[in-house]
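Here, each number is a calculation from the coordinates, and none is a lab measurement. Quick caveat: nothing in here was measured; it's all calculated off a predicted structure. Neighbour counts are summed over all protein chains in view; Cβ atoms, including those assigned to glycine, are modelled from backbone coordinates with ideal geometry.
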Amino acid sequence: MSHTSQRRGLNPAQPNEEFIVLAMSRSDYKELEGVKEAMSEVAVAMLRHEPVNIMSKNFTSLDIPELPVPREFFQFLEALFGDLGKEIIMQLVGQESQVVTAVYADRTRVVNLINEIRGDWLARNVLKGYPISIVLSTMAEDGHSCCQEIGLTEHSYLHSLGFFGNIQDMPSEDELALATMCGHGLISIHRIRDLVGKIRAGQITAAQAGENIAKPCVCGIVNPVRAGVAFQGMADA
């Protein structure tokens, strides 16, 4: 199960627009020797391939009670070490979290990341029996083409059938395309409408609105690039 399966707004006529990569391990398995280190390795690899958003990106601006250290520590690392500080933060995320997530807007970066993961990292973890699952969340056609390119075969698909029942009062498809970018429901429809109004009033840009709705998403799976395009379309309508 993935909290990315209800995303809306992607169009088969516009392929390769969005790819989410998730690395997950059960909490009780994280205590096995070597699993935390393996999760840290894949977390740093995700960062290295330059996602448009990633878990930890907002750790310097949010107070998150579940984190083992306060946000001031993350601010210190990023200010003192720059890109190296971001890498250290991702190592800590891999050590502490059951899941590491990132979203990409470039198919080549995702293919390169998967190719890296399937090499020495996968071989070591299979040999040691580390139970770490890698999930690629995107349109089925895009996921299939990525796997084909690097010689992998998908073993399963999770496909959402959408919303059913009394849905006439649901938000518009444009609004849902933005709200469903956060699988934990932290993007309010009212916030989206307010930001659209501010774009029309010239107070902010569509790109700034896209970055704004990404802030509450601790998982780092909101795609600010696609969100900015969606906001511009709504503001122009």
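Think of it as helices only: each DSSP H run of n ≥ 4 in the chain is worth -39500 (n - 2.57), and spread over all residues that comes to -13500 deg cm²/dmol at 222 nm.
Under the definition of Cα pairs under 8 Å and six or more residues apart, what whole-number percent is the relative contact order of the chain? Before the final figure, lay out each step's value.
Details: 332 pairs, mean separation 73.8, N = 237.
Worked out over the chain, it gives 31 percent.
Suppose we look only past 23 Å in the calculated P(r) of the chain. What percent of the Cα-Cα pairs does that tail hold?
Values: 14522 of 27966 pairs.
Tail fraction, whole percent: 52.
Neighbour counting of Cβ atoms within 10 Å sorts the residues Y104, Y130, Y157, fewest neighbours leading, into Y157, Y130, Y104. When only alpha carbons are used to place a centre, the range 12-34 and the range 164-179 end up 27 Å from one another.
To test your reading of the geometry: what angle, between 0 and 90 degrees and rounded to tens, separates the Cα axis of helix 83-96 from the longest principal axis of the chain? Compared with the principal axis, the helix lies near 80 degrees.
So what's the net charge close to N115: Lys and Arg +1, Asp and Glu -1, counting the other residues with Cβ under 12 Å from its Cβ? Charge balance near N115 sits at -1.
The relative contact order of the range 173-236 comes to 35 percent, based on Cα pairs under 8 Å that sit 6 or more residues apart.
For the cross-link pairs K36/K128; K86/K128; K36/K215; K30/K128, the ones whose C-alpha atoms lie over 24 Å apart are K86/K128; K36/K215.
State the dimensionless ratio Rg/Rh of the range 19-149 (Rg: radius of gyration of Cα atoms; Rh: Kirkwood radius).
Working: Rg = 14.9 Å, Rh = 15.3 Å.
Reported Rg/Rh (Cα atoms, Kirkwood Rh): 0.97.
Scalar couplings 3J(HN,Hα) for the range 179-190, obtained by applying the Karplus form with A = 6.51, B = -1.76, C = 1.60 to θ = phi - 60°, are 4, 7, 5, 9, x, 9, x, 8, 9, 6, 4, 5 Hz; x denotes Gly and Pro. When H155, H49 are sorted by how many other C-beta atoms sit within 10 angstrom of their C-beta, beginning with the fewest, the order is H155, H49. Measuring nothing but how far apart in sequence close Cα pairs (under 8 Å, 6+ apart) lie, relative to its length, the range 19-149 scores a relative contact order of 45 percent.
Look at R124, R8 and count the other Cβ atoms within 10 Å of each Cβ; fewest to most, that gives R124, R8.
Under the 0.36 nm per residue contour assumption, what length would be gained going from the current alpha-carbon distance of K215 and D120 to full extension? Present the calculation step by step, with values, prior to reporting the outcome.
Working: separation 95, 0.36 × 95 = 34.20 nm, distance 3.42 nm.
Answer, rounded to one decimal: 30.8 nm.
When peptides 173-180, 225-232 are ranked by their average number of other Cβ atoms within 10 Å per residue, the highest-first order is 225-232, 173-180. Per-residue Karplus couplings for the range 115-128, computed as 6.51 cos²θ - 1.76 cosθ + 1.60 with θ equal to phi - 60°, are listed in order as 4, 5, 4, 6, x, 4, 4, 5, 4, 5, 6, 5, 4, 8 Hz, Gly and Pro entered as x.
With 10 Å bins beginning at zero, the pair-distance distribution over Cα atoms of the range 173-236 amounts to 26, 61, 13, 0 %.
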